[in-house]
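Okay, structure first, notes after.
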Amino acid sequence: MTTQHLLDDRRRVPLHSMANKVPEVTACFWIIKVLTTGMGETASDLLARMLGPVPAVALGGLALVASLAVQFTVRRHIAWVYWTAVVMVSVFGTMAADVLHVGLGVPYAVSTPVFLATLAAVFVLWYASERTLSIHGIHTRRREGFYWAAVLATFALGTAAGDLTATAGLGYLGSVVLFAAAICVPALAHRWAGLNAVAAFWSAYIVTRPLGASLADWMAVGHTRRGLAWGLGPVTLAWTAAILGFVAYLAASQRDRRGGVAT
């Protein structure tokens with residue numbers, strides 16, 4: 001699934017002065033998206049261990065608000081601004097799911113469908129208001145608000161779903177295999193079974209969260225939990241460095257921007 005596949009009825013979207021705020025959907029987009037999910041998973045756990053759950057959630061919430069404030073302020077896509085917001089959504093989305101399970105004792109089997117229903121509600125409200133869920137029309141504040149609400153819900157849902165499969169017997173590596181296979185389904189369904197491009201995009205987007213988180217957890221956790229025991233700190237730093245490298249490339253090359261005003 002690339003941006004070309006996602007050009008969903010663009011001619012019906014009115015011309016606005018603000019350029020589209022979401023990057024082009026390329027291979028780099030999916031790579032960075034998976035990296036942010038893994039980095040958010042381990043960074044959240046690391047912060048909770050270093051600062052304690054309550055200060056970590058407070059810090060994560062403040063950083064999320066600040067990053068989204070900057071994202072909403074700019075009038076075009078800027079790689080550093082956009083992906084910083086995604087990283088903070090990843091960190092805070094992980095914390096939200098973990099707080100429900102660890103802090104409030106809500107089972108993953110309960111929180112997963114709750115987050116799924118939340119995401120569905122966001123999509124229903126978004127479509128009822130805008131008549132589209134396409135990421136190529138994110139050039140008004142209202143659409144941008146719906147977009148980031150959906151993104152936050154996908155991260156919380158993916159975190160709960162990934163932890164559900166990992167604790168249900170599959171383990172982290174088994175979960176990686178499961179979600180790696182699952183992410184291929186919408187692409188194949190779009191290519192061969194006529195699945196709508198927008199539906200295929202959001203389906204794959206949701207799965208990137210448990211895929212990246214399960215992979216990072218497998219790298220970080222100890223051998224007793226069937227992991228590689230590399231540690232939360234090293235894995236977080238390594239994935240952060242990879243994100244910085246890819247975002248720097250996009251910022252320099254501008255390959256994630258179509259340019260001009262969204263149509």
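The values are calculated or read from the model by the stated rules, or taken from the named source; none is laboratory data. It should be emphasised that the depicted structure is a prediction, and the values quoted were computed from it without experimental measurement. Quick reminder, even Gly has a Cβ in these numbers, built from the backbone with ideal geometry, and neighbours come from all protein chains shown. The protein model used for the area step is the full one, side chains on, heavy atoms only, and it has no ligands, DNA or RNA in it. Shrake-Rupley method; radii C 1.70, N 1.55, O 1.52, S 1.80 Å.
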* Is there any pair linking a residue in the stretch 25-48 that is free of Cβ contacts under 8 Å to residues at least 24 places away in the same chain to one that is buried (at least 22 other Cβ atoms within 10 Å of the Cβ), with Cβ under 7 Å and at least six apart or on different chains, and which? -> none
* Has the stretch 88-108 got at least one residue that is in contact (Cβ under 8 Å) with a residue 12 or more places away in the chain, within 18 Å of Val151 (Cα to Cα), among the hydrophobic types (A, V, I, L, M, F, W, C) and open to solvent by 70 Å² or more (accessible area, probe 1.4 Å)? -> no
* Residue count for the stretch 219-253, restricted to those that are more than 30 Å from Leu133 (Cα to Cα), open to solvent by 50 Å² or more (accessible area, probe 1.4 Å) and modelled with pLDDT under 95 -> 4
* Structure fact -> Over the stretch 34-66, the set of residues of a type outside the set (A, V, I, L, M) and crowded, with 21+ Cβ neighbours inside 10 Å is Thr36, Thr37, Gly38, Gly40, Glu41, Thr42, Ser44, Asp45, Gly60
* Tally of residues being exposed (fewer than 15 other Cβ atoms within 10 Å of the Cβ), within 26 Å of Thr159 (Cα to Cα) and either in contact with a Pro (Cβ under 6 Å, 6 or more places away or on another chain) or of a type in the set (A, V, I, L, M, F, W, C) (or both) across the stretch 115-144 -> 5
